[in-house]
Structures are given as C-alpha cells and as structure tokens.
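Before any comments, here is the structure.
The values are calculated or read from the model by the stated rules, or taken from the named source; none is laboratory data. Owing to the predicted nature of the structure, the values given are computational and were not obtained by experimental measurement. Every residue, glycine as well, gets a Cβ built from its backbone with ideal geometry; the counts of neighbours run over all protein chains shown.
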Amino acid sequence: MKRWGVTLIIAALAAGCLIGCKDKEEDTSSIVVVSPHPNGFIKPLIHEFENSTGIEVRMIECGTADAIDKVAEDDDVDIMWGGSVLTVGPFSDLFYQYETPNEKYFKDEYKASDIACTFFSDVPSVIIINNDMIGGKKIKGYADLLDSDLVGKIAFANPAKSSSSFEHLVNMLYAMGGGDPEKGWDYVGKFTKSLSGNLLDSSSMVYEGVANGRYAVGLTFEEAAVTMLKSDKHVSIIYMDEGVVSTPDGIYINKNSKKIDKCKKFVDFMTDRNTQIYIAQTLGRRSVRIDVEASGLVLPKNDINNITVDKKTVTENKDKWIAKFKDIYEEGIDG
Amino acid sequence: MGKEVRSFHENIKRIFMRFALLPVASIAAILLVMFVFLWNMFMVAGNRKDNTEISEKLSGIMDNYISMVDETAQIVAREGLSIEADDIYPIIYEKTAEYGDIGNYVLLSSDGSVIFSSKDYAPVFITGQEYLNWGVWRKIRDNEGITSVVLYEGNLCVTKGIYQNDKLFRAIVYIIPGEVISSAVGDKGRYVFVTDKNGWIYASNTKGLRDSFGQIRDELFAKTGYIRSGTTTYYSYMTDIPGKNLRVYTVNDVTGSIRIVIMLAAVIVVIFTAISIITVKSTEISSERLTKDIKKMADAFEEVQKGNLDVSLNISSSKEFQIIGNDFNEMLGGLKNQIEQNKELEHNAAFFQVKQLESQFNPHFLFNTLDNIRFMAKIDEKAADKMIVSLSGLLRYSIREIREEVTVREDLDNLQYYLNILQIRFNKRFSYSIDVSEDIMDCLIPKLLLQPLLENSVKYGFAGREKLNVKIKGYLLTGQLIFICDDDGAGMDEALLNEIKANLNEPANKSSHYGLYNINRRINLMYNGSAKLDIMGKKGEGTLIRITIPKKKG
C-alpha cells in the first residue's frame, strides 16, 4: 500500500510538471493566420515578421468566405489577415477590438470605425487589360466593356465566390447608377450579356487569365494587376472613368484567440511604417498611413475619380445583390 | 481448488507445445523486435551522422565567412572614409579560394549606396530605399555591431554594421554563393534541409516537404523524431547551428521500411500460425501414437477392474512398453489361473457342505420314524410295515441317489414316502394336497427340497391343534420355480419367526432349526445367491414357506 501511495504521488507530480511545462511552452508556439491574400504577397511579409519578432506563423491560405468560417469554427485560428471591410463587416462579432499604436498615423478614412478591425491596406477595383489582346481598343471605364468586339473576352469572377468581384459589382452599381446603386442594374444587365457565359470561379483566374492572354480584359483589384505588371506581363491598369471604389481590407483578431498579445504584435508589425513602405513599394498595395507614399506603378489617389459607397447599404444588401446578379446573369445566358 | 489431473496424452502434447512452440514463438518475437530495434538504431545513427557531418561542415563554412566579414570590418572601421577595394580583396580571396567562388561581398554606406561589390552589382533588397528598414537592413540595425546571418529571398547573407559614434557608418553584406551550401548538403541518401530558424528553406536536396511559401512543413518544423504526415512517416533530426541562424534537418522517409516491418511481422505471424496449426495437429497425432500403448494399458486395467480378465496387451512399439505388456499378460494369466483354482476349491467345499447338510436330516427323522414304528408295531402291524417300506424307500433315495439335483417329479415321488409315514403317524389329524403344475415336472431342483418344509409344518403346526392341513404348490413364475408349503396349523409366534429368519442368514447354524436352515444354505450354495427362502406366518393362523430357485431344465 505504501508503495502505491509513493507511486501515485510521483505520478501526480510528473503529471503536474508536464502540464506546467506545457503551459510554459505556449509562449514558443506559433500563431495561426488565415488569409485570402495571394501567396506571393504573404510570403515576404510573413518571413520578415518571423525574422524580426521571432514569432512563428502557421499560414492557411483560403478565400474570404472560408476564412470567416474558419475563424468562426476554430478558436485556434488567431488572425484573419485580409478580406475587405465590406465583406467581413457583417461578421464583426467574431473579432477582437484592438487599436494599434500605429493608428494615429492612419489616414482618417482608415481609422477604425465601429468594426472590430485594423485597416491594413487600400485596394481599389481596377480593370486590367492585356495590351496584346485588346486590339488597339481604348478602354477607359465600364462603358467601354460593352463593345461588341469584347463579347466573351471579359474575365469576371462570380461575385458569390470572389470578394474582389463583389466589389466590382458594387463599384458598377454606384458608378453606373450615378451614386444610386438601384439605377446601376441596367448596366449590369448589359454587362452580363457581354460576358457571354464566362463567369470564373476565383479572382486569381481573372488576372492570370488576362495576363496569360486567355482574356483581353478583366475586372480585378489593383494589387493583383500591379503584381502582373511587375512580373513583366504585357498588361495595363485602367482606373474606371465612371468612378473607382476602393475598399480597404483589414486584419481581424479572433476574439477567442488564446494568444492575443502575439496577435497584437502581428497587427502592429503589419501596420508599421517599414512594412507599409514595403507593401506600397514592392507589393502594389496602397498604404493606410499618411507617411507612406504609393508605388510609382499605381496612379496617385488624387488622379483617380474616387467614389464612396455607403458601407451600411452594401453590407445590408450584399446577399440580395449577389442573388440579383445571379438572376440577371442566368437570364442573359437563356436570352 | 483441486487441480485437474490431465491425461498422459494431454501432458505429452503440452510438453511439445511448451518446449517447441513457445520457444520458437518467443525467439521469432525477440528477433523481430531486435530487427526493428537495430534497424531503428542504424537508421537514426546514420541520420544523425549525416546531420552532424553537414552541420559541422556548414558551421565551418559559416565560421570562415563570419571571420572574413569580421576581419574586413576591422579594416573598414580602421580605414574609415579612405577605404579601398584593394584593402579587403586579399582577405576575401584568401577566405573564399577553397570554394571556387568569391561570392558577392557588398560594402554599403548607411543610406544603402554601394561603395564596393565583389560582383560589381548589388541586389535591390539591400540597395532599395524601401528596404532600408527591411530584411537584411533590419537585421543589421537590430544586431548592432554583431555579425549575423540572415536569409532573405533565398539569399544567405552574412552581415555586419560598422558603427562610428553610435551611428551606423557602413554595412557589410556578404551573399554566400548558393553552390557552397548545396555542396555541403551533398548527395546524402536522405532528405536534407538547411533552413533559417523560422523554417524558411535555403538549401535542400528535395522539392518536397515544404509549404507553398517555401517553409519547411509544420509537421517537421523544429522537431526531432518520428513524424507522421498524411500517409507518410518520416524520421527527422534537427540541429541548430548556434549563432548562425541556421538549422539542419535530415529526414528519412521511413514509410517503406515501416511497411516492410509490418509485412515482415505479418508474414512471421502467418508462418507462425501455420506452424502452430501444423505442430498442434502433428503433436496431437504423434502424442496419440506415442501414448497409444499407455492408453492400451489404461484400457486393459480398466477392463480388468470391471471384471473382464480376458484381455491381453499386444505392444510392439517400444521395448519398455513391450516388457510391461508382456508382464501384464503373464500376470493376468497367473491371476486367472489362481481365480479358477480358487473357484474349484470353493466349489468343492460347497459340494461337501451340501452333502453334509443333506445328510443332517437323517438322524432326527430316523429317530422320529423309528419311534413311530415301534409304537405302530404294537397297535397296527400293517401300518408299521408300510412305514418301514416308506422309510426304506426314503433312505434309499437319500443314500443311493448320488445326483445333487433331481427332477421335480422324482423329488415329488420320493416325497410320497415321507407323506405316507406322516399319514400313518398322524392318521386323520394330518391331511395334505399337492398342486404342482405339469410343465415344471421335468425341471431340476435340489434333492429333498420339499421334505424339510413338510417337516417344519408338522413340527410347529400341531402345537395344541387337532388337525393340520398342508398344501404343496409348485409353479413357474417369470422364469423361476416357486414352491410353496402352506399349512393351517398353530403357526409360530413373532419372536420365533424372527429368530428363524435371522438364523437363516448366519454362516453357521446356531439354533435347533436344522431343516429350514439347511435347505436355505443348500439352495444358496447351489445357486450362488439367486435362490431364496421366505417364511410368513402368524401365531394361530399357520405358516407359509416359499422357495424360489432358478429354473433349470433336466
């Protein structure tokens, strides 16, 4: 009996020690980040983050909708990095409210609003054209896409699947409706006919399709177009004359994360001036900071016909608009 | 709890199992475990050896480059603004000569402008303005005055900042030629990865086991030991190269080996199962064959125990058992002879006893009859004459008849002499009837069976009575002969009846009731207990004596 007692005590001590050790180990464990950003965008930033902070990152690449699901389902997912504020806004409950010290350097429109999020970069919607395939046509905005020669040569992703496509839809509605989204559906109807049944499954298929010459023109986001440009593809970026909506994307911390401190470091790093300079200069994203200039590859903000959207209207109507687009698109095919 | 006694056959089988099957199984298991253990040991040892080799080699290379950067940094610090390429080239050449590639040694001012490059160009990640606080530059600034190693966009750089008056004055970035590290990785029989401490791969001999960013897979990151990834199992060993921001992973894909071990184990199990089945079967058969003679003996003994002595043991399988068998046969033969002799002796003894018993009636009867004749001779000569004739007939039958058994008819005929004597003696006081069925007349019964019954009736029946009637009956019932002597005489009181009954079963007669005792003893001796004598009766109501004997045809 005595022996058993001693064994039990030793076992209890060992178990306690193991549990204790495990708690300590927590500090060296990695954070899990889900991101809809392109691979080439993620890689240098994560490498630098790991190098400079020593915090290990485990990356999961997936679309915006998937990323939101993962945050909702899995408490081990600490951060959602990317995804436009328009898309993620409705899920604000999932996230932790954090104000980074860097926020004081942010442009006013990017200072955290009511959403639990830190703005990270600004992503205007743009048209990308393949210089070799466009056939000398001058594309200045949405209106030029209705040219009969372009039927079937336009790359556009399903707004239900791609957030950049949804943003383009919003952009179209506001720009072509002259500020009233309901008036923009006329254009959308004509536009879907020009697609001639080509609705792509992901945003990457749009810019890659144009860069590889499969399509002459595509509706995408600025950073992707810049990346294509930087990799010496024969493409041009067109900022729509009718108006450009730029939606900021953010960094969202899972409110159930067990590593909030590390998450804060991640947010601080990503909004740090050096990082924002790097993003702006080499990755084609527009910074949210006042003290960072945009890349020479993109048009300065002042030279763009910026239009603003009512975030509330957009988030409220998101599902409705996607459904309506689907109806119109299918009508276009049948007609 | 009592232990079950097993059969010899079972014991032999168990011995086979215990001393053949069990050791083989244990040895096979031990061999398999040893095989796995040794394989694991060699694999791990080989892996570690390679890892150590590469680590040491890399460490040496890195030390060399670091010392180069340190030495040149001293010159740069000493020379200050008047530094010239000629001041440092000798050191660079000296340190890199053995690798056949000078590498890109870049000396920069703190704003990123190139002062000197051994390859006459500098990559954008050290010259671009947006990189001045990024990547390599960040490392230089974070590690003030310390030579450090940084991996940036696939370039392994040794860097050092030279400070003057607490301000960054110059920076040295030496980009190590990729070939130098790849040749250190060499051509090993396993996967080798050289990564920075965050797992970003710099050099490797495989395209696999990395994620889409070029980091070593999470499963392998910073781990040593067995790692399972999907359906593949790896053994990975990791070493840090201290101070060089490098890690070396050596990874074995052990999936195939584990499969082989599992298959080997499966084959061994299958073979062993087969062997076991065969062994069990064959031991069953051979132990049965080997113990067949033992079984024979056991059976023979059992037979003997049951009383069957007509058994013999035929054993030819082994000498020892043959001796036992022959001795058994001899012994049993002797025993049988002995028993037979005993039987004969017993028979003879019984015969003599029967003869003696038979003859016992004579004196009493003779005494009574002669007394009667003496009396008759005075009152009735004729009757006396008849009595004498009857007595002599009876004596003749008794003496002359040497057969032990006679037919019922003969015995009845001779009983008539006795009845005649009684008839004369008691005249009208005595009456009798004989009712013996005709079908048993030729059956054999002991000589003078019925006479003692009549004698008994007369002896006790007349006590205080005027008349006595005796009925003699004989018939066949379920294969046995039944004789009844039923009188209506005075009968016997209970005490007497019990005394006679008890006396009947005594080995020697202790009372004066010779007649019944003798007849009972005789039939028991002659029929080996399958005959019996019953007495029933009540004081004042007469006596009934019944004899049951086996039927025997004459």
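Some notes on this structure:
- Here B:Leu151 clears all of (1) in a helix (DSSP H, G or I); (2) at the interface with another protein chain (Cβ under 9 Å from one of its Cβ atoms) except the condition numbered (1).
- The single condition among (1) surrounded by 14 or more Cβ atoms within 10 Å (Cβ to Cβ); (2) at pLDDT 85 or above; (3) among the aliphatic types (A, V, I, L, M) that B:Ala383 does not meet is (2).
- Qualifying residue in segment B:517-533 (condition: part of a strand (DSSP E or B) and surrounded by fewer than 18 Cβ atoms within 10 Å (Cβ to Cβ)): yes
- Contacts under 6 angstrom Cβ, first residue in segment B:202-226 being more than 20 Å from B:Ile241 (Cα to Cα) and more than 13 Å from chain A (Cβ to nearest Cβ), partner modelled with pLDDT under 90 and in a loop (DSSP other than H, G, I, E, B), 6 or more apart: B:Leu209/B:Arg217
- For segment B:161-183, the condition of being within 14 Å of chain A (Cβ to nearest Cβ) and of a type outside the set (Lys, Arg) holds for none of the residues.
- Qualifying residue in segment B:76-95 (condition: charged (D, E, K, R) and either within 14 Å of another protein chain (Cβ to nearest Cβ) or surrounded by 15 or more Cβ atoms within 10 Å (Cβ to Cβ) (or both)): yes
- Qualifying residue in segment B:181-189 (condition: within 29 Å of B:Ser117 (Cβ to Cβ), in contact with a Gly (Cβ under 6 Å, 6 or more places away or on another chain) and either modelled with pLDDT of 90 or more or of a type in the set (A, V, I, L, M, F, W, C) (or both)): no
- Single residue of B:Ala122, B:Ala77, B:Ala45 found to be small (Gly, Ala, Ser) and assigned to a loop (DSSP other than H, G, I, E, B): B:Ala122
- Listed by first and then second residue, the pairs with beta-carbon distance under 6 Å, at least 6 apart or on different chains, first residue in segment B:389-404 and in the same structural domain as B:Leu419 (by TED's automatic domain parsing), second of a type in the set (A, V, I, L, M, F, W, C), are B:Ser390/B:Ile421.
- Counting only strands (runs of 3 or more DSSP E) that fall entirely inside segment B:176-272 and contain at least 3 residues that are more than 18 Å from B:Lys57 (Cα to Cα) and touching a helix residue (DSSP H, G or I) at 6+ places or on another chain (Cβ under 9 Å), the qualifying elements are B:232-241.
Residue by residue, here is whether (1) out of contact with any His (no Cβ under 8 Å at 6 or more places or on another chain); (2) within 14 Å of chain B (Cβ to nearest Cβ); (3) hydroxyl-bearing (Ser, Thr, Tyr) holds:
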| site | (1), (2), (3) |
| --- | --- |
| A:Met59 | yes, yes, no |
| A:Ile68 | yes, no, no |
| A:Ser92 | yes, no, yes |
| A:Phe95 | yes, no, no |
| A:Tyr105 | yes, no, yes |
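- Flag if B:Lys197 is surrounded by fewer than 22 Cβ atoms within 10 Å (Cβ to Cβ), within 12 Å of chain A (Cβ to nearest Cβ), under 26 Å from B:Ile66 (Cα atoms) and in contact (Cβ under 8 Å) with a residue 24 or more places away in the chain: yes
- B:Ile421 vs. criteria part of a helix (DSSP H, G or I) and either hydrophobic (A, V, I, L, M, F, W, C) or modelled with pLDDT of 90 or more (or both): yes
- Taking each residue of segment B:506-518 that is outside the structural domain of B:Asp534 (by TED's automatic domain parsing) and under 20 Å from B:Lys447 (Cβ atoms) and looking for partners that are of a type outside the set (A, V, I, L, M, F, W, C) and modelled with pLDDT under 75 with beta-carbon atoms closer than 8 Å, six or more apart or interchain, yields nothing.
- Candidates are the residues of segment A:277-323 that are free of Cβ contacts under 8 Å to residues at least 40 places away in the same chain and buried (at least 20 other Cβ atoms within 10 Å of the Cβ); the one that is nearest to the chain's Cα centre (by Cα) is A:Ala280.
- Residues that are at pLDDT 80 or above, small (Gly, Ala, Ser) and within 19 Å of B:Lys471 (Cα to Cα) do occur in segment B:528-541.
- Complete set of residues in segment A:255-276 that are facing chain B (nearest Cβ under 9 Å) and surrounded by fewer than 17 Cβ atoms within 10 Å (Cβ to Cβ): A:Arg273
- Any hit, segment B:8-25, residues being in contact (Cβ under 8 Å) with a residue 12 or more places away in the chain and under 30 Å from B:Arg247 (Cβ atoms): no
- Each residue in segment A:168-215 was checked for being assigned to a loop (DSSP other than H, G, I, E, B) and in contact (Cβ under 8 Å) with a residue 24 or more places away in the chain, and 10 pass.
- Given (1) within 14 Å of another protein chain (Cβ to nearest Cβ); (2) touching an Asp or Glu at 6+ places or on another chain (Cβ under 9 Å); (3) surrounded by 13 or more Cβ atoms within 10 Å (Cβ to Cβ), index of the condition B:Lys244 fails: (1)
- Entry remark, segment B:96-148: residues being within 14 Å of another protein chain (Cβ to nearest Cβ) and in contact (Cβ under 8 Å) with a residue 24 or more places away in the chain number 9 in total.
- Considering each residue of segment A:73-80 in turn, at least one proves to be more than 10 Å from chain B (Cβ to nearest Cβ), surrounded by fewer than 18 Cβ atoms within 10 Å (Cβ to Cβ), in a helix (DSSP H, G or I) and modelled with pLDDT of 85 or more.
- Residue list for segment B:463-501, restricted to those being in contact with a Phe, Trp or Tyr (Cβ under 9 Å, 6 or more places away or on another chain) and in a loop (DSSP other than H, G, I, E, B): B:Lys467, B:Gly489, B:Ala490, B:Gly491, B:Met492
- Among the residues listed as B:Glu53, B:Glu71, B:Glu79, the single one being at pLDDT below 90 and assigned by TED's automatic domain parsing to the domain that holds B:Gly225: B:Glu79
- Of the set (1) in contact (Cβ under 8 Å) with a residue 60 or more places away in the chain; (2) within 30 Å of B:Asp240 (Cα to Cα), all apply to B:Ile275 but (2).
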